[in-house]
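One structure is given here, and the rest of the page talks about it.
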């Protein structure tokens, strides 16, 4: 059945709801129900039943169940890293070592390196980088605004480039949904990995930050940012603190993924299941943390499971976003949104401009809603189907959605990563938004040009 313009109205309604409510779950649910209403001949009761039956049906698919469990368990890893004192130990160890890099560039590079190394969760990245580097930045007359910019510019970009985290679970789930719906073909993990070189905004942003650090580039409001007066801390930092309680679990998780791919692929790493490999990688990591933390007396059995359950609880909202993101992808597929959009655009716009258009719409959506995850959930199904219909390189489209989501989120004053970065660096939120925006726009402009050139080159 052809739904015409109605198929476009549903995702637009989802975006508008996200902008009005600032609540991704409510907006996704609203979009899903509206879509099901259309699919069920505008019968409210049938749409209501289809909504809750559809949620149960999602759990019947093994890869979806694994992806959702992974998203919950990653919360346990994050919570255990914190409750065991691993994060504090890592911060204190870095603070002790930072005495050897006591210079303006050294202070900023410290924040940058932390942002790159800690890829497990964007909020932890910003918080650790800000906590560790803030005293050294104050001592070397580096403004808090610049520190907030460095924290913010390394958190989401690096999490999207090394997706062994909840970011990867969401993106992988959205791609596999499109594959299962026969919108696109291929292996989900392979497509996600292939899209990494096309994540232009993340690469340009990380590069711009390095240039800012090495050449002391201050543009726009950053020229007027005033460093805080440095006060010598009375805390005596002990060198006995060690990075291993935090780093070893991350190393185990990273190493476990290719092993999972090898085993699930029957000896061929390129044929392995991405959802299965990350699912078992997180389980192996949690088992390692249990043995390691109990043997080193960092946690008791009771404390471990207390942190484990609390971590699960913190990720329930994220899991719901992922669940409803997968659901709305299926609904949009049944409505034929992308096919209609492709027919609409085919005679009016060249495929050359589609990657740029996907990037810009994703950026605008993310900026308006303050969430890259919500943007991925709405734009990935549309972008993938549009790319498949117009014969555009799928990893390029995936990269455009991810880059646009991060760009808009990076520039948005209502983004949680923007708020957390300003908090971690100890600067005013409004000042962070104002000083960061010119750098974000430069990165966005370069990324836009990159997508235009990539579309032109085929």
Inset, instruction - Compute the acute angle (0 to 90°) between the alpha-carbon long axis of helix 301-314 and the principal axis of greatest extent of the alpha-carbon atoms of the chain; round to the nearest 10°. - result: 50
Legend entry - the chain: angle of helix 86-97 to the longest principal axis, Cα-based, in degrees nearest 10: 50
Inset, instruction - Measure nothing but the geometry: give the 0 to 90° angle between the long axis through the Cα atoms of 316-335 and the longest principal axis through the Cα atoms of the chain, rounded to 10°. - result: 30
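Ignoring everything except DSSP H segments at least 4 long, calculate the 222 nm mean residue ellipticity for the chain; use -39,500 (n - 2.57) per segment, divide by total residues, nearest 500.
-25500 deg cm²/dmol
Report, to two decimal places, the Cα Rg of the range 33-178 normalised by 2.2 N^0.38 Å (N = number of residues). Walk me through the numbers before you get to the answer.
Details: Rg = 21.5 Å, N = 146, 2.2 N^0.38 = 14.6 Å.
Working it through for the range 33-178, the quotient is 1.47.
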Legend entry - Relative contact order for the chain, counting Cα pairs under 8 Å that sit 6 or more residues apart, in percent: 25
Legend entry - Label-point separation, residue 457 to residue 314 (7 Å along Cα→Cβ), nm: 4.0
Inset, instruction - Subtracting the Cα-Cα distance from 0.36 nm times the residue separation, let me have the gained length for residue 5 to residue 45 in nm, one decimal. - result: 12.0 nm
Legend entry - Correct option for Kirkwood radius over Cα pairs in Å [calculated from the coordinates] among (i) 22.8; (ii) 23.7; (iii) 27.6: (i)
Inset, instruction - Over all alpha-carbon pairs in the range 16-111, figure out the percentage whose distance exceeds 21 Å. - result: 64
Inset, instruction - Multiply the residue gap between residue 300 and residue 255 by 0.36 nm, knock off their C-alpha separation, and tell me the result in nm, one decimal place. - result: 13.6 nm
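Read the figures in this text as sums done on the coordinates, not as results from a lab. Every value quoted in this text rests on a predicted model; they were computed, and no experiment measured them. So basically every Cβ, Gly included, is an ideal-geometry build from the backbone, and we count neighbours across all protein chains shown.
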